[in-house]
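Comments concern the structure below.
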Amino acid sequence: MPTYKLTYFHSRGLAEVTRYLFAAAGVEYEDVRVTGEEWENMKKDHHSPFGQLPILEVDGKVYCQSHAIAHFAAREFGLAGKNTEEEYITFVLQGAFTDLLQKLGAANRESDPEKKAELQKDVFGNYVPSWLRALEEIFQQGNGSYFAGDGVSISSGDNTNTLQIHTLTIGDFYFFHACEYLKGVNPQTLDQYPGLNGLFDRIVANPRVAEWREKRPLT
């Protein structure tokens, strides 16, 4: 079994999806958290091509870029989807996650208080609802308990009814990580989206996910 060491700051940020993947897979790793000052001092001793965090070290080999790290871990742990269609869905969720981060980041970085308030009002009043509607539509099209999964189909004898059995993938964790934040801002965020609301609750109820959420540092 390889040894894993994930280094990031004292926050969930761009490393939490990967942390969820380790938790869901039940794979042990070293969760290293540093301050900005500590990272500046550590850079010279770490082969981080872009000088950024997170980095993942696997038996000493350094992997960089948050989404690449997450997909590497997902593939290693069997959580990346088992065919092209399932993998496509996980990348759709990654893209949606990135879009949301960019919108939230732009609003939070605004220095003018009045402009910042306007941007945040637009993000939460307009962008987030449209973002959630799009995810709800994608989820409902999958006709399963998760966004993607193992693709198992169980058909009736006359082939008139087919049950899709889906399982957790990295795409679900991109959704979950984003919606943890959104529900922290507004606990009713998912109330109008039954598919997403149910998915969020299923992920919360996952024993390994629940264990990680209980023991992770408060950030």
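Highest mean packing comes first when the peptides 185-196, 136-147, 170-181 are listed by Cβ atoms within 10 Å, giving 170-181, 136-147, 185-196. Largest GNM mean-square fluctuation among 70, 15, 134, using the chain with Cα springs under 10 Å: 134.
Filter 121/183; 5/43; 61/215; 5/61 down to the pairs with a C-alpha to C-alpha distance above 19 Å, please. Table pairs above 19 Å Cα-Cα are 61/215.
Share of carbon and sulfur in the accessible area of the chain stands at 51%, probe radius 1.4 Å. First measure r as the distance between the Cβ atoms of residue 10 and residue 114, then evaluate 1/(1 + (r/R0)^6) with R0 = 35 Å and state the FRET efficiency to the nearest 0.05. With a Förster radius of 35 Å, E is 0.70.
Calculate the length of the line joining the C-alpha centroid of region 172-219 to that of region 24-68, in whole Å. So the separation of the two Cα centres works out to 25 Å. Between residue 3 and residue 137, the simple label model (points 7 Å from Cα in the Cβ direction) yields a spacing of 4.9 nm. Placing dummy labels 7 Å off each Cα toward the beta-carbon, the span from residue 188 to residue 201 is 1.7 nm.
Pull out a ≥ b ≥ c, the square roots of the eigenvalues of the alpha-carbon gyration tensor of region 39-148, then state rounded if a/c is under 1.5, prolate if not and a/b is larger than b/c, and oblate in the remaining case.
Since a/c reaches 1.5 but b/c is at least a/b, the shape of region 39-148 is classed as oblate.
With runs of 4+ DSSP H residues as the only contributors, calculate the mean residue ellipticity of the chain at 222 nm using -39,500 (n - 2.57) per run, divided by the residue total and rounded to the nearest 500.
-17000 deg cm²/dmol
Mind checking the per residue accessible area of region 2-54 for me, 1.4 Å probe, whole number of Å²? Don't skip to the answer; put the middle values down first.
Working: 2710 Å² over 53 residues.
Heavy-atom accessible area per residue stands at 51 Å².
Each peptide among 110-121, 22-33, 201-212, 88-99 gets the average number of other Cβ atoms lying within 10 Å of its residues, and from highest to lowest they stand as 88-99, 22-33, 201-212, 110-121. Applying 1/(1 + (r/R0)^6) with r as the Cβ-Cβ distance of residue 40 and residue 208 and R0 = 30 angstrom yields a FRET efficiency of 0.30. Compared with the direct C-alpha span, the chain from residue 180 to residue 28 gains 52.4 nm at full extension, assuming 0.36 nm per residue.
The values are calculated or read from the model by the stated rules, or taken from the named source; none is laboratory data. Note that the coordinates shown come from a computational prediction; the quantities given were computed from them, not determined experimentally. Backbone-built Cβ (ideal geometry, glycine too); neighbour counts: all protein chains shown. Only protein heavy atoms, including side chains, enter the accessible area calculation; ligands, DNA and RNA are left aside. Shrake-Rupley method; radii C 1.70, N 1.55, O 1.52, S 1.80 Å.
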